[in-house]
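Data block below; observations after.
The values are calculated or read from the model by the stated rules, or taken from the named source; none is laboratory data. Here the structure is a predicted model, which means the values were calculated and not measured. FYI the Cβ positions are ideal-geometry reconstructions off the backbone, even for glycines, and counts take in every protein chain you see.
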Amino acid sequence: MGENNENQKSTNNAEVDPAGTEGSGESRTLRMRRRLAGVLGAAVALGTTELMAGIFEPVPSLVGTVGEAVIDLSPSRLVKFGIRTFGTNDKLALGIGIVIISVLAGGALGRATARRWWVAPLGFTAFGAVGLAAAARDPLASTGWALLTIAVASVTGLFTLFKMLSVAESVPEAGATIDIARSAASDAGRRRFVLTAAAASAAAIIAPALGRRLKQRFSVESARSDVVLATTPQGATATATPVAATSGLEAEVTGLSPLVTPNSDFYRIDTAFLTPQVDPSGWTLKIRGEVDNPFELTFDELVEMATHEAPVTLTCVSNEVGGDLIGNAVWTGVPLVDLLDRAGVRPTGTQVLGRSVDGFTAGFPTDLAYDGREAMVAIGMNGEPLPIPHGFPARLVVAGIYGYVSATKWLDAIELTDFDSVDGYWIPRGWSKLGPIKTQSRVDVPRDRATIAAGTVPVAGVAWAQSRGIDRVEVQIDDGPWMEADLGDELSINTWRQWLLSWDATPGRHEIRVRATDSTGMVQPMEHQPPRPDGATGYHQITVQVEEA
Ligand SMILES: Nc1nc2c(c(=O)[nH]1)N[C@H]1C(S)=C(S)[C@@H](COP(=O)(O)O)O[C@H]1N2
Ligand SMILES: [Mo]
């Protein structure tokens, strides 16, 4: 059917383009075929890298490695924008972006290569160089394996591109005159092109799907589920009621954040494009740097030592007022001071710097580890081995300071350094060197912009000032007086506290705002500040519509 149309276009275009060189309908089709050859060449190459990653354990997903480099090199504003816009899907969005850009670039290569054969090899080399550079700066990617993968992918990609180009060029032009033999040859040629394109498309879809599937073999999930914590209920140090099972006011108020956040609902923030898979059998935790006796612990040694249990609420410095980048868990681990004392910190070791296997770092003053606050190397979260996205096999948890200066996941080493001369990952990206958590509160119930029935309704939420504790929470409706809310049990001064107030809601539109006071008497500041550089301030305020009951 396309033939008549094509011929139609050909005449039209010839009129528009007096020179008649670029405008013929046939060459437009040819141009599209060349572009498709490039698109599929690039897609097959990318698919090959994913397949290689699935077959060989040390081969990184190159899209992932490039994604990680993009995150690393982006201005932190952009990274935070990505997190805000796409939430935990930020990495997926980035991955899709990388694939789309590569494939579009492939299309341009296809067209240019039809004229100058060396353009495609050059283009693939350039793309390979980007992948290789990304792998070289990624501590979890082997550069040698990345090079091999790029070489193999370039071969499959270029083969696809040239094969499709040659099929495309060999389709005879049907021409304007009615020539039965020529038209039949043209049909056959077109069919051959469509079949080749279909085969390449299938390869481009199946290879990465298979690769992803195979890559799951390398997940350390089974190693994780084999771990038995010393503090699990049947274990030696089990308490009568495990804290993780404690329930708070959420039993009375639906929609209120549970006192202890289930692992599956716990927020996740990190720069890792691909969740690091750390096999505990070959892993050790190093304590080193400005210490007298550097040492290493195997995972088994750590598990044996990990009898300490404490609830701590983690908070991300990027959390906006009213945001959900906060969660409370009961952590199992080894007190940090035990490890530091064994190593013997020198006076020059003024910073505790957590180093992740993925290159991330976070540091805080050594003094904080000794000021009595909760600080530990955690291997358990809510009675389970640390979930892989939350840092398996081990992470740091320090109460009272934001995650970006403390909570290093997939921990490789605890390094004692000079505080002033070594900076953690986020510091040169415009965030404060010190990150004490600010006293904050949030309304969970009712939901913002909810429509509710008049009468007595619960207003409830959480308030936090880790390492200080919450003393008072007050609620204000419209311009009314501040009313004191009832507080839920305090699990510890390191956790958030639930609060609840019964409100006699009258019909109309109302504003509800909340403020907390911590145990030092400090009232949460009203002044609105953005998260950058050291945490948001301001009152969380919601609006509700109350209707006649
Ligand atoms: N390795 C590594 N650890 C990390 C991060 C990271 O990007 N990489 N992000 C930190 C930040 S900013 C926060 S808020 C916490 C979040 O921990 P979670 O994902 O378990 O909630 O992890 C911290 N530990
Ligand atoms: Mo964070």
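What to note about this one:
- Residues of region 1-56 that turn out to be among the hydrophobic types (A, V, I, L, M, F, W, C), within 49 Å of the chain's Cα centre (by Cα) and at pLDDT below 50, as a count: 1
Here is a yes/no grid of residues against (1) surrounded by fewer than 21 Cβ atoms within 10 Å (Cβ to Cβ); (2) more than 29 Å from Ile269 (Cβ to Cβ):
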position	(1), (2)
Val422	yes, no
Pro428	yes, no
Trp431	no, no
Ala450	yes, no
Pro458	yes, yes
Gly461	no, no
Gly469	yes, no
Arg472	yes, yes
Ile477	yes, yes
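- Residues satisfying the stated conditions in region 347-369, i.e. within 16 Å of ligand 2 (Cβ to nearest atom) and assigned to a strand (DSSP E or B): Gly354, Ser356, Thr361, Ala362, Gly363, Phe364
- Of the set (1) in contact with a Lys or Arg (Cβ under 6 Å, 6 or more places away or on another chain); (2) farther than 29 Å from Leu229 by Cβ, all apply to Val457 but (1).
- Residues located in region 401-457, provided they are more than 22 Å from Ser74 (Cβ to Cβ), within 16 Å of ligand 1 (Cβ to nearest atom) and hydrophobic (A, V, I, L, M, F, W, C): Ile401, Leu411, Ala413, Ile414, Leu434, Ile437
- Test: Val345 is more than 25 Å from the chain's Cα centre (by Cα), assigned by TED's automatic domain parsing to the domain that holds Arg513 and on the phi < 0 side of the Ramachandran plot: no
- Restricted to region 252-271, and to residues there that are surrounded by fewer than 17 Cβ atoms within 10 Å (Cβ to Cβ) and within 19 Å of Arg447 (Cβ to Cβ), the residue that is farthest from ligand 1 (Cβ to nearest atom) is Glu252.
- For region 403-428, a tally of residues being touching a Phe, Trp or Tyr at 6+ places or on another chain (Cβ under 7 Å) and more than 16 Å from ligand 2 (Cβ to nearest atom) returns 0.
- Sole residue being assigned by TED's automatic domain parsing to the domain that holds Asp367 and not acidic (Asp, Glu), chosen from Ser264, Ser247: Ser264
So that you can scan it fast, the table gives a plain yes or no per residue for (1) within 19 Å of Met32 (Cα to Cα); (2) touching a residue at least 40 places away in the same chain (Cβ under 8 Å); (3) in contact with a Phe, Trp or Tyr (Cβ under 6 Å, 6 or more places away or on another chain):
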| site | (1), (2), (3) |
| --- | --- |
| Ser166 | yes, no, no |
| Ala185 | no, no, no |
| Gly189 | yes, no, no |
| Gln216 | no, no, no |
| Ser219 | no, yes, no |
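- Segments classed as strands (runs of 3 or more DSSP E), wholly inside region 383-501, with at least 2 members that are free of Cβ contacts under 8 Å to residues at least 40 places away in the same chain and on the phi < 0 side of the Ramachandran plot: 470-477
- For Ala203: the one exception among (1) among the small types (Gly, Ala, Ser); (2) under 24 Å from the mean Cα position of the chain (by Cα); (3) closer than 14 Å to Thr48 by Cβ; (4) surrounded by fewer than 19 Cβ atoms within 10 Å (Cβ to Cβ): (2)
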